[in-house]
Amino acid sequence: MNDHHPADHHAAGEEARHHGGHEHQAVPSDLALRVKALESLLVDKGLVDPAALDALVDMYERKVGPRNGARVVARAWVDPAYKERLLRDATAAIAELGYGGAQGEHMRVVENTPAVHNLIVCTLCSCYPWSVLGLPPVWYKSAAYRSRAVIDPRGVLREFGLELPDDVEVRVWDSTAELRYLVLPERPAHSEHLGEEELAALVTRDAMVGVARVTIPPGARRP
Ligand code: FE
């Protein structure tokens with residue numbers, strides 16, 4: 001477990017922490033099968049409506065979760081003191097907005113700048129900040145993303161449609177069960193006139209994992 005990925009793309013300091021002996025999520029290999037069997041049984045007995053179950057998962061994946069993170073990001077963009085607290089102690093700053101709990105107990109926020117782009121991965125499993133991003137997308141859990149995000153982050157970003165100039169440093173952060181990361185994306189240009197709520201609406205899950213930028217639709221730019 002001490003060499004499950006090359007160290008060169010990792011930011012200084014993180015390598016030691018990640019490999020300091022703590023564990024990623026210990027997921028029993030048959031857990032998914034057990035969940036599936038349980039779900040089938042509940043549906044068969046009429047105790048659970050599969051459509052309701054899908055809606056619940058969808059809500060966690062696409063609405064509630066990422067919206068929480070988006071509010072954190074928007075607050076950091078409009079409130080420099082909050083941003084400072086967020087970068088210093090993310091767990092506490094995120095809790096200020098009422099978010100926390102399972103899979104988000106220990107958070108760190110890393111800031112994108114014109115010179116640095118951050119990318120989040122969990123090389124061993126799928127550690128992910130549920131409290132601010134909801135459930136991880138399928139690609140985040142894929143073996144291809146988990147290995148290639150470390151080996152060839154620029155290539156992975158290119159496939160997501162994000163071409164980074166050579167002079168932008170890419171930092172890859174390996175999430176664990178004990179420490180989960182959130183990217184603070186750059187506030188888009190031409191967004192000076194937008195309020196916190198409007199800004200939050202622009203922030204996507206992918207931008208907070210680091211595979212996209214936050215963009216502002218041309219129509220929303222101040223003329
Ligand atoms: Fe993990």
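With a ≥ b ≥ c the root eigenvalues of the C-alpha gyration tensor of segment 67-222, is it rounded (a/c under 1.5), prolate (a/b larger than b/c) or oblate?
Numbers: a/c = 1.73, a/b = 1.13, b/c = 1.53.
Oblate, because a/c is 1.5 or more while a/b does not exceed b/c.
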- Any chance you could check the Cα centroid distance between segment 144-223 and segment 105-128 for me, in angstrom? 10 Å
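Relative to the Cα centre, what is the charge dipole magnitude of segment 53-120, using +1 at the beta carbon of each Lys and Arg, -1 at the beta carbon of each Asp and Glu, and rounding to the nearest 20 debye? Please report the intermediate quantities before stating the final value.
Numbers: 9 positive and 9 negative charges, 33 e Å.
Charge dipole of segment 53-120: 160 debye, to the nearest 20.
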- State, to one decimal in nm, how far the label point of residue 141 lies from the label point of residue 84, with both points 7 Å from Cα in the Cβ direction. 4.1 nm
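Where a number appears in this text, it was derived from the coordinates with a stated rule and is not lab data. All values derive from a computational prediction rather than experimental measurement. Ideal geometry is used to build each Cβ from the backbone, glycine not excepted, and the neighbour counts take in all protein chains shown.
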